[in-house]
Amino acid sequence: MSLSEWLVQKRNLLNKIKYSQTELSESLWTKCNQCNLLMYNKVLEENLKVCPKCLHHFPTSSQDRIRYLFDLGSWKGIDNDLSSTDPLGFADRKFYSKRLIDMRLKTGLCDAVQTGIASIHNIPVACGIMDFRFMGGSMGSVVGEKLTRLIERATYLKLPLIILCSSGGARMQEGMLSLMQMAKVSSSLHKYSESSLPYFAILTSPTTGGVTASFAMLGDLIIAEPGALIAFAGRRVIEQTIKEEIPDNFQTSEYLFKHGFIDLIIPRTELRSNLHKLLSLYVMKSY
């Protein structure tokens, strides 16, 4: 082996070691994009993906929320295999059918919501949890159908209902079929309300578009995480429409709480205990 070949191999080896060290470092640490605190991923996970310094709420998956909220082993999923087709043969940069396959492989989910029956400190509840990782938590026909079936089951079993919202709105790839889900879920919630059962809507960041315009704002009690983006239209669209600048915190949970649109702001680390207190009041009332 010539000297030049040996030098090339050595440089490649050093670059490979440097890349591996960087990759390992990134897999161990997370930097908060609000206060710049550098923390171990394990510390962040133990704090339910909430920054221990500034309380910034990092995005989290539906699987994580199931683990954070419910009694160990109590979650029983409903309609797990229900998945969307491609009714319009829609294509943008890629075919919608291909996009669905990619999302299923990436997230391990069949669509953007998980529904099931679980318990919080032995109080049974029906729960739907939207997952922003799956096409931005967009509401297509499957999301609407799964939530409708969940609400109907909660009505039949006389269970309290919880829906955790995280969505960019209606799914454009399904056109009118997606928009119809707003009315379908809202109608089933109306029938549910006639049974005098409690519905807790929990708004996480972001909750926008058709989800905000329907079931996210129909809760008997509307709860939000701190600093959550909650809106219907985007900030730029609103400013261009009304020809005015809007406040910096206009679409945050704190702004909506101040103006009476939501009832409570509860940090993720306290959500399980607070839900238990609220559910306990309902259980006491029912007896």
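The values are calculated or read from the model by the stated rules, or taken from the named source; none is laboratory data. Computed from a predicted model, the values in this text were never measured in an experiment. Neighbour counts are summed over all protein chains in view; Cβ atoms, including those assigned to glycine, are modelled from backbone coordinates with ideal geometry. Calculation scope for accessible area: heavy atoms of the full protein, side chains included, ligands and nucleic acids excluded. Shrake-Rupley method; radii C 1.70, N 1.55, O 1.52, S 1.80 Å.
Once every Cα of the chain carries one equal point scatterer and solvent is ignored, give the base-10 log of I(q)/I(0) from the Debye formula at q = 0.07 Å⁻¹, two decimals. Summing over Cα pairs of the chain leads to -0.32. Close lysine pairs were tallied over segment 62-211: pairs 8 or more places apart or on different chains with Cα atoms under 19 Å apart number 8. Note on segment 158-264: Kirkwood radius taken over Cα pairs, Stokes-Einstein applied at 10 °C and 1.306 mPa s, translational D equal to 109 µm² s⁻¹. Cβ-Cβ distance of Cys35 and Phe261, R₀ of 35 Å, FRET efficiency by 1/(1 + (r/R0)^6): the value works out to about 0.80.
Taking the longest Cα principal axis of the chain as reference, the axis of helix 268-286 is set at about 20 degrees. With the Cα gyration tensor of segment 87-132 giving a ≥ b ≥ c as the square roots of its eigenvalues, does the rule (a/c under 1.5 for rounded; else a/b larger than b/c for prolate; else oblate) give rounded, prolate or oblate? Because a/c hits 1.5 or more and a/b exceeds b/c, segment 87-132 counts as prolate.
In order along segment 30-44, phi translates into HN-Hα couplings of 9, 9, 5, 7, 9, 10, 6, 5, 9, 9, 5, 4, 5, 5, 4 Hz, rounded to whole numbers, per the Karplus curve 6.51 cos²θ - 1.76 cosθ + 1.60 with θ = phi - 60° and x for Gly and Pro. The length gained by stretching the chain between Gln63 and Tyr156 to full extension, at 0.36 nm per residue less their Cα-Cα distance, is 30.9 nm. Between Arg272 and His190, the C-beta separation translates, for a Förster distance of 30 Å, into a calculated FRET efficiency of about 0.60. Based on DSSP H segments of at least four residues, each scored -39500 (n - 2.57), the chain has a per-residue ellipticity at 222 nm of -13500 deg cm²/dmol. Going by accessible surface with a 1.4 Å probe and the largest first, Phe250, Phe132 read Phe132, Phe250.
The Cα center of segment 143-210 and the Cα center of segment 41-59 differ in position by 28 Å.
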